[in-house]
Amino acid sequence: MEKAGGAPSVGGSYPQKNAEILSSQYGINLFLAGLLLTFAWAVHAVGISKSHLLSYLITLMLIQLLWMLWYLCRSCTQRRLIRDKDTHAGARWLKCGITLFAVITLILDSFKIGYYIDFSNCLSPTEGIFPVTHAVHTILQVYFLWCHAKDIIQSFKTLERFGVIHSVFTNLLLWTNGVLTESKHQLNEHKERLITLGFGNITIVLDDHAPQCNCTTTTLCSIFSQGIYYLYPFNIEYHILASTMLYVLWKNIGRKVEHHQQHKTPFKFHGITVGMIFGLIVLTSTIAIVVVYLIQIGGSKVKSELALTMFYLHAIFVLALMCTAGIVALLIYRLEDRSLDNSKNPARKLDAELLVGTAAGSWLLSWGSILAIICAQAHPKYTWYNLPYSVLVIIEKYIQNLFIIESIHREQEKVNDDIKTLRIVTISRGSTLSLTPSYKEIYNGTTAHDNGEVPCLFKGSISGRENDGGGGAKEETSQDKSLVMHSASDFSFYSGNSVANNKRRILKNIAAFLFLCNLSLWIPPAFGCRPEYDNGLEEIVFGFEPWIIVVNLAMPFSIFYRMHSAASLFEVNCKT
């Protein structure tokens with residue numbers, strides 16, 4: 001193992017690259033083994049039970065817990081050492097987001113523990129051990145990410161690569177397990193709804209993993225079983241966020257960074273009122289649509305068709321607004337002449353790759369719907385709304401990805417250093433005063449001379465007071481003229497920037513609006529409002545099982561895309 005020391009040798013990069021390749025292959029094999037075990041349980045493979053899958057996940061979590069404890073202990077013993085940090089990784093708002101999802105995940109674990117207690121007579125002990133281990137794992141992992149997400153590890157690099165990549169794929173497997181469990185529950189509900197839409201020719205076979213015994217407390221069992229599935233979307237987002245943060249930590253191991261001042265970009269509500277208002281309107285209306293959809297769908301054929309029509313019309317309107325906002329933002333960027341930051345940054349590169357990669361899930365579903373509409377022989381009225389909806393989904397993601405990726409690569413505009421360090425020495429009736437006008441005063445052109453004082457800039461120090469003679473008056477007059485010219489040039493500088501300020505304000509409002517819109521569009525699929533399941537037309541064209549497989553594979557990426565876009569747009573709003 002290598003320890004941090006002096007400058008690495010010329011050949012030092014080879015073993016490090018080798019360690020990176022070995023650790024990545026270890027992680028991939030770890031993930032594939034777990035993925036195959038998950039699939040075997042899902043299809044009721046002979047000899048594979050849920051306890052086998054949970055035992056594998058418990059083992060992975062325990063290994064990660066041991067590694068995190070070792071890393072934390074070693075960090076405590078070396079806390080006086082100055083370590084390099086990646087200022088772009090582990091933003092505070094991202095840590096707050098993952099903490100919120102982790103708290104809800106802990107509630108989910110408590111529900112699972114309660115569910116196990118009520119069904120303890122016929123459930124495997126691993127189903128009780130798993131939520132306890134997962135709760136401890138969640139608490140320690142969130143603490144670890146809060147304290148060390150920005151670390152650039154320079155010691156024990158080979159060991160740390162294996163530890164971090166193990167953590168990445170452990171979270172990915174926990175995410176996969178959550179997605180599968182939630183998808184199976186959604187699929188059972190979807191099969192029951194298809195009958196109400198008149199698709200009786202589809203074979204309905206419920207995939208039930210319910211315990212084969214009675215619950216000790218019926219009311220509590222109902223609360224736990226229903227509550228678990230409403231909390232799964234937050235658990236899924238928690239694990240995917242944790243895996244991305246850990247992946248950035250893995251990419252930063254052994255990285256050499258340039259030390260430069262990091263410009264803080266706090267979030268401010270000032271100047272984004274319009275975007276927030278329109279975004280909150282979209283968010284409120286979306287929540288109302290989801291509630292009505294879940295109540296109406298499956299009730300009767302007429303109610304189900306009305307629910308689908310209502311969903312499509314609302315989504316078409318929202319997506320059209322988002323496309324318009326994105327186009328306006330891109331046009332503003334075309335009018336600006338600002339260079340792009342092309343420096344190497346693992347966090348920023350990962351953000352861009354995730355945006356395009358996860359968008360492919362929605363694009364796959366949209367193209368499937370478009371082909372189904374074109375090829376289907378019979379078209380119920382509500383299915384025609386699916387065509388503009390699917391087209392807009394493709395276009396909106398295309399435009400939004402361009403806007404976000406360009407925004408995170410644009411260099412931040414810096415304030416003129418001459419204005420920031422401006423010092424004005426004021427002479428008034430023989431007294432010397434020092435005045436530093438605020439940004440607002442300079443912008444409005446109201447400095448000290450508006451009150452009868454005469455500010456001037458000196459290259460040297462003031463050694464004495466001026467006489468009241470004529471020569472002094474001429475000198476003061478010339479200084480007045482020089483001051484007026486200097487003040488006018490400052491005013492024209494800031495007046496010229498007023499257009500840029502207006503553009504920036506528009507961009508911030510657009511980013512705020514798109515942020516809330518992406519949160520709004522995350523809610524429907526995350527909580528069971530999925531017309532791709534309930535439409536029914538795609539099942540007829542492609543077949544029930546093939547289309548359900550496509551939806552189950554693509555939907556998690558579509559859901560993650562919305563949350564990741566919202567996080568990226570929050571960063572864009574802070575940076576603009």
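The values are calculated or read from the model by the stated rules, or taken from the named source; none is laboratory data. Keep in mind it's a predicted model, so treat the numbers as computed, not measured. Cβ coordinates were reconstructed from backbone atoms using ideal geometry, including for glycine residues, and neighbour counts include every protein chain displayed. Protein only, heavy atoms only, side chains kept; ligands, DNA and RNA dropped before computing areas. Shrake-Rupley method; radii C 1.70, N 1.55, O 1.52, S 1.80 Å.
Which residues, counting only those in the stretch 297-317, are open to solvent by less than 40 Å² (accessible area, probe 1.4 Å) and touching a Leu at 6+ places or on another chain (Cβ under 7 Å)?
SER304, ILE316, listed by residue number.
Take the residues in the stretch 42-59 that are more than 15 Å from THR181 (Cβ to Cβ) and modelled with pLDDT under 90; name whichever of them is most open to solvent (accessible area, probe 1.4 Å).
Selected residue: VAL46.
If the requirement is being at pLDDT 85 or above, touching a Gly at 6+ places or on another chain (Cβ under 9 Å), under 30 Å from SER49 (Cβ atoms) and crowded, with 16+ Cβ neighbours inside 10 Å, which of these qualifies: PHE101, PHE130, PHE169?
Only one candidate qualifies: PHE169.
Residue-by-condition table, conditions (1) touching a Gly at 6+ places or on another chain (Cβ under 8 Å); (2) closer than 27 Å to LEU553 by Cβ; (3) in a helix (DSSP H, G or I):
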site: TYR56; (1), (2), (3): yes, yes, yes
site: CYS73; (1), (2), (3): no, no, yes
site: CYS76; (1), (2), (3): no, no, yes
site: ASP109; (1), (2), (3): no, yes, yes
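Under 6 Å between Cβ atoms, at least 6 apart or on separate chains: pull out the pairs that start in the stretch 556-574 with a residue that is at negative phi and in the same structural domain as ALA352 (by the TED database) and end on any residue that is open to solvent by 20 Å² or more (accessible area, probe 1.4 Å) and of a type in the set (Asp, Glu).
Short answer, once both residue conditions are applied: SER568/ASP351.
Is it fair to say PHE39 is among the aromatic types (Phe, Trp, Tyr), modelled with pLDDT of 85 or more and open to solvent by 80 Å² or more (accessible area, probe 1.4 Å)?
Considered against the rule, which asks whether it is among the aromatic types (Phe, Trp, Tyr), modelled with pLDDT of 85 or more and open to solvent by 80 Å² or more (accessible area, probe 1.4 Å), PHE39 comes out as yes.
Among ILE223, ILE228, which is outside the structural domain of PHE560 (by the TED database), surrounded by fewer than 17 Cβ atoms within 10 Å (Cβ to Cβ) and modelled with pLDDT of 80 or more?
Matching residue, one of ILE223, ILE228: ILE223.
Evaluate the following for GLY34: is it out of contact with any strand residue (DSSP E or B) (no Cβ under 8 Å at 6 or more places or on another chain), under 19 Å from LEU145 (Cβ atoms) and in a helix (DSSP H, G or I)?
Taking the combined requirement at face value, the residue does not satisfy it.
Are there any pairs with C-beta distances below 6 angstrom linking a residue in the stretch 142-154 that is closer than 17 Å to LEU100 by Cα to a residue that is charged (D, E, K, R), with the two at least 6 apart or on different chains, and if so which?
Sorted first by the residue in the stretch 142-154, then by its partner, the pairs are TRP146/LYS95.
State all residues of the stretch 101-128 that are among the β-branched types (Val, Ile, Thr) and within 25 Å of LEU241 (Cβ to Cβ); if no residue qualifies, say none.
Passing the criteria: VAL103, ILE104, THR105, ILE107, ILE113.
Looking for whichever is assigned by the TED database to the domain that holds ASN214 and crowded, with 20+ Cβ neighbours inside 10 Å here; the options are LEU108, LEU66, LEU72, LEU62. Which one fits?
When all the criteria are applied, what remains is LEU108.
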